[in-house]
Amino acid sequence: MHKENQPLIFELTKEERTGYSLPELDVPEVDLSELFPEELIRQEAAELPEVAELDIMRHYTALSKRNHGVDSGFYPLGSCTMKYNPKINENVARFAGFANIHPLQEESTVQGAMELMYDLQEHLKEITGMDEVTLQPAAGAHGEWTGLMMIRAFHEANGDMNRTKVIVPDSAHGTNPASATVAGFETVTVKSNEHGLVDLEDLKRVVDENTAALMLTNPNTLGLFEEQILEMAAIIHEVGGKLYYDGANLNAVMSKARPGDMGFDVVHLNLHKTFTGPHGGGGPGSGPVGVQKDLIPYLPKPVLVKKGERFTFEYDRPESIGRVKPFYGNFGINVRAYTYIRTMGPDGLKAVTEYAVLNANYMMRKLAPHFDLPYDRHCKHEFVLSGRRQKKLGVRTLDMAKRLLDFGYHPPTIYFPLNVEEGMMIEPTETESKETLDAFIDAMIQIAKEAEDNPEVVQNAPHTTVISRLDETQAARKPVLRYYKPE
Ligand SMILES: *Cc1c(COP(=O)(O)O)cnc(C)c1O
């Protein structure tokens, strides 16, 4: 019925066919007109699909096969840390005591879940070198906003009302300036130097008594470690500003270096990246935020605390920025991250970092002869190539990304960071084998050769997918999310 590489048939209805069987009604039937006003009661049955269970199963299974995920293939999407999501995480998240509890249950009945969250906070404090952690934020961007709101509350509590500016590097992830804007700040850009690092002279030029914070990721979005981080921290702290750590790249330094020791005052982590939460399709994430002592009073409330042997939520926090998420964050993702940390242990997390960096450097060196490498230094967990050379042959980075689909790969992040022309940001992660890395390297080298010998095959790619190129802007801005039955 469903053929690979054929458009899916969506109209499967055959009258009277059903995919369910409900038990006999065993409670008294109610008269709807006693419960609802007349005009709200449906007069005719809803027009629902009439499809057998097996057909619906095949329909969704066929749809799922048209998706690319970490479980189906290599996914070197730079900055996103698309590593393997260990299945033991899923088993633990499904424990009845975690999966079947309700967020409004009495604290006394969910002490185990609260202990897990408390323990996770303790582990994250140790990993980041921060004094306190909240698990409330639902994603990295949400963590950025939460952290900036705390920084704002801190400055305001000090009567420092003119700290209106947040500094972000020109290589920053788009969420950094966006979060700063939403938190009510003005963003100021600091330039990168010829080594791909923050230009200290430019930083000195843009800081002043109106600086609220500098947002940085380290290693930065080029995968390069900001070696002058201690000098940068001193420059920011000297003018009374705070240093914010975008933890999306923690996979490059975890268990080796801690943002707290580099001078950062606030940190967010992306548990769905570094700590193996599944994160396809914009599903639930988790962006815990850690702070140094002087920011603790501003943490979102309630704050999870331990009193003797009991765990409880503390609401009496007058200086708190308030609640940023219903209940206490995305608990299921936090269970997965906790399971990951406990199964890896400190030595395991250190090995993760070492292999992530080794894999990225191996791939970078193998690909460097075939593409442009704008910053030729050891990288951390990811690296950025430029497609400048291929562009001169009429083949754009977008074309090469599309061509990778024909080889069964998810393309790298492209045209980011913005300070690299025709950028391709590749993050292999530590969970891939050498065979997988080599196969991807071979595909990239073949595409570079095709750009020289047979550019049309790249320019017209992909050739093997169900549909070829989409209007990606329209697909994002005007998605057709509703099915209309053909007349
Ligand atoms: C992913 C990412 C973010 C945003 O995190 P989300 O969890 O997607 O909101 C911020 N900064 C960098 C560098 C990232 O890679």
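Taken together, the values in this text are just the output of simple stated rules run on the coordinates, not laboratory data. Keep in mind the model is a prediction, meaning the values are calculated, not measured. All Cβ positions, even for glycine, are placed from backbone atoms using ideal geometry, and neighbour counts span all protein chains on display.
Data for the structure
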{"item": "The chain - mean residue ellipticity at 222 nm from DSSP helices (-39,500 (n - 2.57) per run, n ≥ 4, rounded to 500)", "result": "-11000 deg cm²/dmol"}
{"item": "Whole-Å distance, taken between Cα centres, linking segment 368-443 and segment 191-245", "result": "27"}
{"item": "Dimensions in Å of the chain - Rg and Dmax from alpha carbons", "result": "25.6, 78"}
{"item": "Karplus (6.51, -1.76, 1.60) ³J(HN,Hα), θ = phi - 60°, over segment 233-248, in Hz, Gly and Pro reported as x", "result": "4, 5, 4, 5, 5, 4, 8, x, x, 10, 10, 9, 9, 7, x, 4"}
{"item": "Rg over Rh, two decimals, segment 264-378 (C-alpha only, Kirkwood Rh)", "result": "1.10"}
{"item": "For segment 158-252, alpha-carbon Rg and Dmax in angstrom", "result": "12.5, 39"}
{"item": "Long-range lysine pairs (8 or more apart or interchain), segment 167-289, Cα under 22 Å", "result": "4"}
{"item": "Mean projection area, nm², convex hull over Cα of segment 36-188", "result": "18.2"}
{"item": "Overall form of segment 364-487 per C-alpha gyration tensor (a/c, 1.5; a/b vs b/c)", "result": "prolate"}
{"item": "Low-density loop positions, GluC sites (Glu not before Pro), segment 83-169 - DSSP coil, at most 12 other Cβ in 10 Å", "result": "Glu106"}
{"item": "Surrounding net charge for Val206, when Lys and Arg each add one and Asp and Glu each subtract one, Cβ distance under 13 Å", "result": "-3"}
{"item": "Distance in nm between pseudo-label sites at Glu309 and Thr464 (7 Å out along the Cβ direction from Cα)", "result": "6.0"}
{"item": "Of all DSSP beta bridges in the chain, antiparallel share, percent nearest 5", "result": "55"}
{"item": "Descending semi-axes in whole angstrom, ellipsoid equivalent of segment 34-73, from the Cα gyration tensor", "result": "39, 14, 7"}
{"item": "q = 0.12 Å⁻¹, segment 113-208: log10 I(q)/I(0) [Debye, one scatterer per Cα]", "result": "-0.52"}
{"item": "Whole-Hz ³J(HN,Hα) from phi, Karplus 6.51 cos²θ - 1.76 cosθ + 1.60, for segment 250-267, glycine and proline x", "result": "4, 4, 8, 9, 3, 6, 10, 9, 10, x, x, 6, 7, x, 6, 9, 9, 9"}
